[in-house]
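Okay, so here's the structure we're looking at.
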Amino acid sequence: MNHQDIPPKPASPPQTGSVPQIQGGTGPAPAPESVTWSQPRHDPAPENHVNRKPALWKALLVTVIVAVAGSLVWLAVWLNSSPGSEVAKNDAQGVLQTAVTPPATPQPLPREGVAPAAYAIGDCFKDFDPQALASTVVPCDTGHSAQLVATLRYPDSAEYPGAESLKAKALQVCQAAKLGPAAKQFQLNYQRTFPSSTSWESGDRRVDCYVAADTGNVINANVLP
């Protein structure tokens, strides 16, 4: 038999198991007393297996806390950046008024030539024309054809939301109006006015809702509560 075919004896017997090393060190890694989220994961020795349960609960608690915090952050971002948020902001910033708030239209009445910008909740109008540049305000216990019952004012900084959006908002304003028992005495309907793009550029920010009679100055009572 050729001796060259016999492999040489190893200098030392091979190891049957390897010992994990500490990262960055040269000696064997000891089994940690407990495993936390911030430490490198090493398998503990079998006799310390019972110590893994508190560590697992700690890891689970940290995971739950991180998940909850992440959900809250995501919710805040979604509320501030979801589609349609700009329209919602414009609508929310409008100030709705459905009750008389002093100061009311100056006395004595009647007063002619009152501009729409000076209309106040509760004002009653003789021969009312919603497209007119001025109206006559009269006492509500005298004959009139319309009364302003609700209004919404957008802030000066708001962007023009468009005619369709304003029309829908005017409908909501009328739906929010509160009428008193006297309203049942008359055949009334709602009339809505809102800014055009041109009047918006001039500073008009009001959406108004009136109750009106189609048959002229036949209302002779305040229809608000």
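Run the simple label-point estimate for Val100 and Thr142 please: 7 Å along Cα→C-beta, distance reported in nm.
1.6
How long is the gain from Ser202 to Ala118 if the chain were fully straight, where each residue apart is worth 0.36 nm and the alpha carbon distance is subtracted? Walk me through the intermediate numbers first.
Values: separation 84, 0.36 × 84 = 30.24 nm, distance 1.51 nm.
In short, 28.7 nm is gained.
Name the long-range amide H neighbours of Ala150: under 5 Å, sequence gap of 5 or more, or other chain; modelled H, no Pro or chain starts.
For Ala150, whose amide H was placed from the backbone, the distant partners under 5 Å are Cys209.
Send over a whole-number figure in Å² for the accessible area per residue of region 90-225, probe 1.4 Å.
Per residue, region 90-225 has 54 Å² of solvent-accessible surface.
Tell me the carbon and sulfur percent of the accessible area for region 124-187, rounded to whole percent, probe radius 1.4 Å. Don't jump to the answer; show the numbers that get you there.
Working: 1680 of 3390 Å².
Carbon and sulfur: 50 percent of the exposed surface of region 124-187.
Taking R0 as 41 Å, what's the FRET efficiency between Asn220 and Glu164 from their Cβ-Cβ distance, rounded to 0.05? Could the numbers behind the result be given before it?
On the way: r = 36 Å, r/R0 = 0.89.
After rounding to 0.05, the efficiency reads 0.65.
Tell me, what ³J(HN,Hα) does each residue in region 142-155 have, in order and in whole Hz, if you take phi through Karplus 6.51 cos²θ - 1.76 cosθ + 1.60 with θ = phi - 60° and put x for Gly and Pro?
10, x, 8, 10, 7, 9, 7, 10, 7, 8, 10, 10, 7, x
What number comes out for the charge environment of Leu148, summing +1 per Lys or Arg and -1 per Asp or Glu over other residues with Cβ under 9 Å away? Numbers along the way, then the final one.
Values: positive: none; negative: Asp123, Asp208.
That sum, taken over residues with Cβ under 9 Å, equals -2.
The values are calculated or read from the model by the stated rules, or taken from the named source; none is laboratory data. Values in this document were obtained by computation on a predicted structure and should not be read as measured data. Note: ideal-geometry Cβ built from the backbone for every residue, glycine included; neighbour counts use all protein chains shown. Side chains included, ligands, DNA and RNA excluded: accessible areas come from the protein's heavy atoms. Shrake-Rupley method; radii C 1.70, N 1.55, O 1.52, S 1.80 Å.
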